[in-house]
Amino acid sequence: MSHETASAAPRSRRGGTDGWWPLVFLGPLLIGVAVFYFWPILATLINSFTVFGPFGGRTFNGLANFAQLLQDSFIPRAVLNTLIYTVIVLCGIPLAVCIASLLNQKGLRFARLYQVLFFLPAVSMPVAVSLVWRMIFNKEFGLVNWVLSLVGIDGPYWVTAPWWSLLAVSIVGLWSSLPLAIIILGAGLRGIPAELYEAAQLDGAGTVRQFFSVTVPLLTPSIFFLSIITAINGFQLFDLLFAMMGQANPAMADTQSLVYLFYSEAFRQNNQGYASVIALLILAIIGAFTLLQFRLQRRWVHYE
C-alpha cells in the first residue's frame, strides 16, 4: 500500500503519466498560433499609438490616431458599405439551403455533375473570376445590360457608379460564397435520419412541409456555422473590390470597404499607425457581430 502511494505521487506532480509528450506534440501548433495570430494583434495594438516616418522608424503619438479615426469622413461610408455587402452575402445562405436540398434529392439524375458545376467557382482564381464579372457588368457590351435592354431597360454603369458598383460587387460575393455553403449544407443534409422523412410522410406532410418542418430545423447548426464564417468573410471584403473596380475608379471613394481603407492608409499613404487603428476597428466589429450571433443562436439553432 505504501509503495503504491509513493509511486502515485510523482505521477500527480507531472500532471499525468504522459509526461512532456503532450507539450511536444502541441508545442509547434501553439508556437504557430502565437506567432501568426497573437503577435500580429499585439503588434497592431502597439503600432496604433505610433506614427511612422517616411524613411522608416516610428514615434509615439498617444491617442492621435484614434482621434483621427473619429474625425475621418471616410469611416462611416466604409462601415456602411461593409455592412451592406455582408448582409447581401448572408442572404445567399437561404439560397444555398434550397440548392443543397435539391442536389441531395434521392434519384436526381446527374447529381454529381451539378455538384461539380456549383463547386467550380471555389477552385477558380478570384482575380480571374472578378475580371470576368467585370466584363459581364460592363455598361456598353456587358451581358447584364444586354439582357436588360431586351425588356427596354437602360442598364446603369455597374462598376463606376457608387451604389451600383457596391451592388455588383455584392452579387459576385454572394455567388462566390455559394460553393462552400452548398458543400457544408450537403454534409448536414446527409446527417438527417431518413426515418424522420418517412414519419413525416406517414403524417401526410408534403415535400414543402418536410422541407420547413424537418430539413430546415435540423440544418440550423450548419446554417449557424455558415453565418459565422460568411459574416467574417464579408467584413474582410478586399480582393473582389480591388479586382473588379481598380484603384483609379472614380466610384472607389464611395464604395471602399474598411479593409480597402486599411490597405490604402497602410500601403499607399504609408500611414501605418492610423491603418493599425482601422484594423483594430475591423477586429472589434467582427468580434461584436460574432458575439451577437452566438447570443441569438440560442433562439433558433436546434442541436437535437
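The values are calculated or read from the model by the stated rules, or taken from the named source; none is laboratory data. What you see is a predicted model, and the numbers here were worked out from it, not measured in a lab. In this analysis, Cβ positions are derived from the backbone assuming ideal geometry, glycine residues included, and neighbour counts consider all displayed protein chains. These area figures cover heavy atoms from the full protein model, side chains too; ligands, DNA and RNA do not enter into them. Shrake-Rupley method; radii C 1.70, N 1.55, O 1.52, S 1.80 Å.
Taken over the range 44-74, the residue count meeting the criterion of being touching a residue at least 60 places away in the same chain (Cβ under 8 Å) and either loosely packed, with under 12 Cβ neighbours inside 10 Å or among the hydroxyl-bearing types (S, T, Y) (or both) is 4. Among residues of the range 141-151 being open to solvent by 70 Å² or more (accessible area, probe 1.4 Å) and assigned to a loop (DSSP other than H, G, I, E, B), the one that is farthest from D254 (Cα to Cα) is V151. Taken as a whole, the structure places A279 among residues that are over 30 Å from T220 (Cα atoms), under 19 Å from the mean Cα position of the chain (by Cα) and aliphatic (A, V, I, L, M). Selection of helices (runs of 4 or more DSSP H) fully inside the range 227-284 by the criterion of at least 2 residues being within 23 Å of S124 (Cβ to Cβ) and open to solvent by less than 40 Å² (accessible area, probe 1.4 Å) returns 239-245, 258-263. In this entry, R77 passes the filter for residues that are of a type in the set (D, E, K, R), within 22 Å of G234 (Cα to Cα) and surrounded by 10 or more Cβ atoms within 10 Å (Cβ to Cβ). Against the numbered list (1) touching a Leu at 6+ places or on another chain (Cβ under 6 Å); (2) more than 24 Å from V87 (Cα to Cα), S213 comes up short only at (1). Of the residues making up the range 101-112, at least one is modelled with pLDDT of 90 or more and either open to solvent by less than 40 Å² (accessible area, probe 1.4 Å) or on the phi > 0 side of the Ramachandran plot (or both). Taking every residue in the range 122-137 that is closer than 17 Å to L148 by Cβ and in a helix (DSSP H, G or I) and pairing it with any residue that is open to solvent by 50 Å² or more (accessible area, probe 1.4 Å) and modelled with pLDDT of 90 or more, at least 6 positions away or on another chain, the pairs with Cβ-Cβ distances below 7 Å are I136/L143.
List, please: which pairs have Cβ atoms under 7 Å, are six or more places apart or on different chains, and start with a residue in the range 214-228 that is over 12 Å from L90 (Cβ atoms) and in contact (Cβ under 8 Å) with a residue 24 or more places away in the chain and end with one that is hydroxyl-bearing (S, T, Y) and open to solvent by less than 20 Å² (accessible area, probe 1.4 Å)? The qualifying pairs are T215/S101. Please verify whether the range 129-140 includes one or more residues that are more than 15 Å from I182 (Cβ to Cβ), surrounded by fewer than 15 Cβ atoms within 10 Å (Cβ to Cβ) and modelled with pLDDT under 90. Yes, the conditions are met somewhere in the range 129-140. Across the range 69-94, the number of residues qualifying as farther than 16 Å from P162 by Cβ and either β-branched (V, I, T) or in contact with a helix residue (DSSP H, G or I) (Cβ under 6 Å, 6 or more places away or on another chain) (or both) comes to 8.
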